[in-house]
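Notes follow the structure.
The values are calculated or read from the model by the stated rules, or taken from the named source; none is laboratory data. These numbers were taken from a predicted model, which means no experiment stands behind them. Cβ atoms come from the backbone with ideal geometry, glycine included; neighbour counts cover every protein chain shown.
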Amino acid sequence: MIQPPPAQIGMPLEEVETPALIIDLDAFESNLAQMAEAVAKSTAKLRPHAKTHKCPAVARRQVALGAVGVCCQKVSEAEAMVAGGIRDVLVSNQIVGRRKLARLLALAREARVAVCVDDAENVRQLAEAAAAEHLRLDVLVEIDVGANRCGVQPGKEALALARTIADRPSLRFAGLQAYQGRAQHIREWDGRRQAIDGAIAKTRDTLELLRADGLDCEIVGGAGTGTFAFEAASGVYNELQAGSYVFMDADYGRNLKRDGSANDEFRQSLFVYATVMSKPVAGRAMLDAGLKAMSVDSGFPTVADLADAKVVRASDEHAVMELGPGAANLSIGTKLKLVPGHCDPTVNMYDWYVCVRGGTVEALWPITARGVGY
């Protein structure tokens, strides 16, 4: 069940119960505007990834600033977005299984819904399910452009699968999904650029094959927060699927700009709010936010606004901080903001965003698509 929110509107930030997930609204709104402005300078459109925030309240703000819709990775996420008023959803993943397909097609009666495939058997399943519901479903072919995850090989394999889709009356071939996820966290600008140049070339070659066979791509989607500027300038991609830009995290903060300086294009707006619950010896303090309050798959969180404090270990309900001279006087009961190592899985642990402006809680947004999902 959804837990009660850890705060009330109008409450000072210092009174928010911890651990809590905090959005700095000024930074968040700056990020929304910055991305909208950047995308508007290109021929591409923004279709941000809702797996980052899992919250229709965030998605509606993205759409209000020009996004064509959102991406989701699960049917459950898509259901939450459509229920929250989003009318155009791409499930940028493969959906397999009779019950999941039935739910996907039910959504297609309420909003524009598309899905990705990389297997002819999945195409058959989708076609039969859509025909039984008297629907025509938009389907994209996912190609592997370097992530070595899902996706058929670019070129002839992609063409064969696209033709299989186009030959099914209950399906419509809608384009290509060409996301290079591994490139997003290459630290050096040149390295990210080279990885995306390769993805662009593979996508362009596949498009030429498709067009020669009479197949047009309405959508050519991909890109992420670390590389979207490259895809936007390519003339190949027409939808950009960046998601983490709304929040950022410690891992994205390690990416570098072209001149080698820290990437500050977007501001950190998401924080795990935690309390110092114990200080058993000098130089060490315990926080009440452990592995059940933050993801550490991309490293431990960093401590915002406090010099000489470093999270070095975590267990279920504790984070251990080493304290240098600048944090030696930290006392029990002090509340700190932590920058999560990876925003997406951290968000998935919470029921609510506590939205703060100027040190005061301004809004509470439910994270309606959180959890494992299905």
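Brief remarks on what is shown
- Considering residues of segment 246-292 that are assigned to a loop (DSSP other than H, G, I, E, B) and among the aliphatic types (A, V, I, L, M) only, the residue farthest from Val339 (Cα to Cα): Ala282
- Residue in segment 7-23 that is within 15 Å of the chain's Cα centre (by Cα) and under 30 Å from Val276 (Cβ atoms) present: no
- Of all residues in segment 344-370, those that are closer than 19 Å to Pro56 by Cβ have Cβ atoms under 7 Å from Cβ atoms of residues that are surrounded by fewer than 20 Cβ atoms within 10 Å (Cβ to Cβ) and among the hydroxyl-bearing types (Ser, Thr, Tyr), 6 or more apart or on another chain, in Ala369/Ser76.
- The set of residues in segment 100-142 being in a helix (DSSP H, G or I) and of a type in the set (Gly, Ala, Ser) consists of Ala102, Ala106, Ala120, Ala127, Ala129, Ala130, Ala131, Ala132.
- For segment 261-302, taking the residues that are within 19 Å of Arg193 (Cβ to Cβ) and free of Cβ contacts under 8 Å to residues at least 12 places away in the same chain, the one that is surrounded by the most Cβ atoms within 10 Å (Cβ to Cβ) is identified as Asn263.
- Residue match in segment 27-38 (condition: hydrophobic (A, V, I, L, M, F, W, C), under 22 Å from the mean Cα position of the chain (by Cα), under 18 Å from Pro340 (Cβ atoms) and surrounded by 12 or more Cβ atoms within 10 Å (Cβ to Cβ)): yes
- Entry remark, segment 190-234: residues being out of contact with any Ser or Thr (no Cβ under 7 Å at 6 or more places or on another chain), farther than 24 Å from Ala114 by Cα and surrounded by 17 or more Cβ atoms within 10 Å (Cβ to Cβ) number 4 in total.
- Just one of the listed residues (Ala111, Ala102, Ala80) is assigned by TED's automatic domain parsing to the domain that holds Arg149 and in contact (Cβ under 8 Å) with a residue 40 or more places away in the chain, and it is Ala80.
- Residue within segment 331-344 that is at pLDDT 95 or above, assigned to a strand (DSSP E or B), on the phi < 0 side of the Ramachandran plot and among the hydroxyl-bearing types (Ser, Thr, Tyr) present: no
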